[in-house]
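The values are calculated or read from the model by the stated rules, or taken from the named source; none is laboratory data. Predicted model, so just to flag it, every value in this text is computed and none were measured. All Cβ positions, glycine included, derive from the backbone under ideal geometry; neighbour counts span all protein chains shown. Note: accessible area is taken over every heavy atom of the protein model, side chains too, but ligands, DNA and RNA are not part of it. Shrake-Rupley method; radii C 1.70, N 1.55, O 1.52, S 1.80 Å.
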Amino acid sequence: MKIEKEGKDGAVVVRIAGRIDTTGSSEVSDAIKEIIESGEKKIVVNFSQVEYISSSGLRVFISALKQLKNTGGSLILCDLKPFVYEVFDLAGFTRIFVICDTVEEALKA
Amino acid sequence: MKEVYEAELSGGEELVATVVTAVREALEAAFIESHTSQQIQLSCEEALTNTFLHGYRGSGWIAVRCLVSDEEVTLILSDKARAFDPTLVADPDTKGDLEDRPIGGLGVHLIREMMDSFTYRRQEDTNIITFVKRR
């Protein structure tokens, strides 16, 4: 699991590389929590290097979305690979998350 | 039907990653298409996580068998935790607004959606969950 953060156009872009499973999700959770606690309002998550996610990963993102919505922030997901998109879709999360094809599109959203 | 993976293990939640990795490697060696394999890995991860977190609430014994035929992949997970039928777990709300969405409870729903068959039986002191996925 590799997580990189980069400030860009008033947002923090988080690039995750690896499997967001029971083990990986706690690392992602810590990274996102840290960004939210630092007061950032817009988080863009780049999933281009993520081939697999399970419900433990979904939990991390819905908690983050709820927290950001409460403070007027936003969480945008981009470049979801087919299996990751399928998991979000079956969970009904594609209806509540803003999902973009590219980071550039997410930064404009 | 050919057995591609078989293991009996004792331990805690850390076994989930061990088993999922072994199942992934076995399915790859058996030339199972990657998307089908990911769906089976997820089902395996969700079911075993529930076994350790809610069944054992800690450590215990599990057995895993993975069988492959020309038509389907079968994964059989056994444990000796208290009797629990995951196929009876109600589906969570997947259509409401963000505020109404639960943080958890999605694992069994994902298994149900991804597998072609998801069954449970209790045999003496053992819970046996069987997944079947068509290739």
TODO: Would you mind calculating the relative contact order of region A:14-109 from Cα pairs under 8 angstrom and at least 6 residues apart, reporting the percent as a whole number?
DONE: 31
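Quick one: which of A:5/A:69; A:108/B:95; A:42/A:81 span more than 25 angstrom between C-alpha atoms?
A:108/B:95
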- [ ] Find the relative contact order for region B:2-134 and round it to a whole percent, using C-alpha pairs within less than 8 Å whose residues are 6+ positions apart.
- [x] 27
TODO: Could you pull out which residues in region B:119-135 have an amide N less than 17 Å from a spot 7 Å beyond the Cα of residue B:33, following the Cα-Cβ vector?
DONE: B:132-135
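Which number do you get for Rg(Cα) / (2.2 N^0.38 Å) in chain A?
After normalising by residue count via 2.2 N^0.38 Å, the value is 0.94.
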Task: 10 Å Cβ neighbours from other chains, averaged over peptide B:35-46 - done: 4
Open item on the list: Give me the summed buried accessible area for the B-A pair, 1.4 Å probe, to the nearest 100 Å².
Closed with: 2200
- [ ] Tabulate in residue order the Karplus-calculated ³J(HN,Hα) for region A:97-109, using 6.51 cos²θ - 1.76 cosθ + 1.60 with θ = phi - 60°, rounded to whole Hz; enter x for Gly and Pro.
- [x] 9, 8, 10, 10, 6, 10, 4, 4, 5, 5, 5, 7, 5
TODO: Given the peptides B:65-73, B:18-26, B:90-98, arrange them by the average over their residues of other C-beta atoms within 10 Å, most packed first.
DONE: B:18-26, B:65-73, B:90-98
TODO: Leaving ligands, DNA and RNA out of it, report the carbon-plus-sulfur percent of the accessible area of the protein assembly as shown at a 1.4 Å probe.
DONE: 47
Open item on the list: Give me the tail of P(r) for region B:25-103 as a percent: Cα-Cα pairs with distance above 17 Å.
Closed with: 59
- [ ] Provide the descending list of Cα extents for chain B along its principal axes, expressed in whole angstroms.
- [x] 45, 31, 25
Open item on the list: Counting only other residues whose beta carbon sits under 15 Å from that of residue B:118, what net charge do I get with K and R as +1, D and E as -1?
Closed with: -3
Open item on the list: Give me, ordered by chain and number, the residues 5 or more places off residue A:42 or on other chains with an amide H under 5 Å from its own placed amide H.
Closed with: A:12, A:74
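Show that you can apply the helix-only estimate: for chain B, add -39,500 (n - 2.57) for every DSSP H stretch of four or more residues, divide by all residues, and state [θ] at 222 nm to the nearest 500.
The helix-only estimate for chain B comes to -9500 deg cm²/dmol at 222 nm.
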Open item on the list: Connecting C-alpha atoms closer than 10 Å in a GNM of chain A, tell me which of A:95, A:19, A:59 has the biggest fluctuation.
Closed with: A:95
Open item on the list: Taking θ = phi - 60°, what integer Hz values does the Karplus form 6.51 cos²θ - 1.76 cosθ + 1.60 yield along region A:16-24, in sequence order, with x for Gly and Pro?
Closed with: 9, 10, x, 9, 8, 10, 3, 6, x
TODO: Would you mind telling me which residue in B:83, B:29, B:63 has the biggest mean-square fluctuation in a Gaussian network model of chain B, where springs connect alpha carbons within a distance under 10 angstrom?
DONE: B:29
Task: Exercise: per-residue mean of other protein chain Cβ atoms within 10 Å, B:15-25 - done: 2
Task: Projected-area mean, the protein assembly as shown, by convex hull of Cα positions, square nanometres - done: 13.1
Task: Solvent exposure of the protein assembly as shown as accessible area per residue, Å², 1.4 Å probe - done: 47
Task: Gain in span if fully extended, residue B:80 to residue B:98, counting 0.36 nm per residue against the direct Cα distance - done: 2.8 nm
Task: Within a Gaussian network of chain A (alpha carbon springs, distance under 10 Å), most fluctuating of A:61, A:83, A:47 - done: A:83
